[in-house]
Amino acid sequence: MNQTIRFSVSMEEQLVAALDEMADKRGYSCRSEAVRDAIRSQLVRDEWDESGSVVGVITLLYDHHTHGLSERLTQIQHQAEPCIISTTHIHLDTNMCLELVAVRGDAATIRTLADRLRSLKGVKHGGLSGTSTGIRLP
Ligand code: NI
């Protein structure tokens, strides 16, 4: 069982005020939860900088009328199949599509895949939201 340990941290008054303001704005119930979340966020960023498996979602916003774009997006995703867990396609209106590509694998490979997809002509916005498999995250 994971035991909770109390420890004290010294920091400047202004930093504590900023922490409290941030915690309040984001709806944390207490300082400890805000600090725990900040530490986990840093650990996830570290996972993305190290070797090992990570998880993420690539978002792609595009006009499906762009010549050859849908085919190219599908082709690249088929080539990257080992990394792709699932793809969801949402028709936003008569022109625009939103694609959510759930990915798992090596961070550098996923970053390269996201860059290949979002740099295609006709992709109006592309993003990569990185998280963890949870295995290495306490
Ligand atoms: Ni569509």
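The values are calculated or read from the model by the stated rules, or taken from the named source; none is laboratory data. Model, not experiment: these values are computed from the prediction. Heads up, the Cβs are rebuilt from the backbone with ideal geometry, glycines too, and the neighbour counts pull from every protein chain shown. With ligands, DNA and RNA removed, areas are computed over all heavy atoms of the protein, side chains included. Shrake-Rupley method; radii C 1.70, N 1.55, O 1.52, S 1.80 Å.
Residue count for the range 109-136 satisfying the condition of being more than 16 Å from the ligand (Cβ to nearest atom) and open to solvent by less than 60 Å² (accessible area, probe 1.4 Å): 9. Going residue by residue through the range 10-33, is there one that turns out to be within 30 Å of Asp115 (Cα to Cα), acidic (Asp, Glu) and without any contact (Cβ under 8 Å) to a residue 60 or more places away in the chain? The answer is no, given that none of the residues of the range 10-33 is within 30 Å of Asp115 (Cα to Cα), acidic (Asp, Glu) and without any contact (Cβ under 8 Å) to a residue 60 or more places away in the chain. Screening Gly52, Gly105 for residues that are closer than 25 Å to Gly134 by Cβ and either modelled with pLDDT of 95 or more or within 15 Å of the ligand (Cβ to nearest atom) (or both) leaves exactly one candidate, Gly105.
Within the range 104-112, is there a residue that is more than 28 Å from Asp49 (Cβ to Cβ) and assigned to a strand (DSSP E or B)?
No, that holds for no residue.
Taking the range 75-99 as the search range and keeping residues that are within 16 Å of the ligand (Cβ to nearest atom) and under 21 Å from the mean Cα position of the chain (by Cα), which one is surrounded by the most Cβ atoms within 10 Å (Cβ to Cβ)?
Glu99
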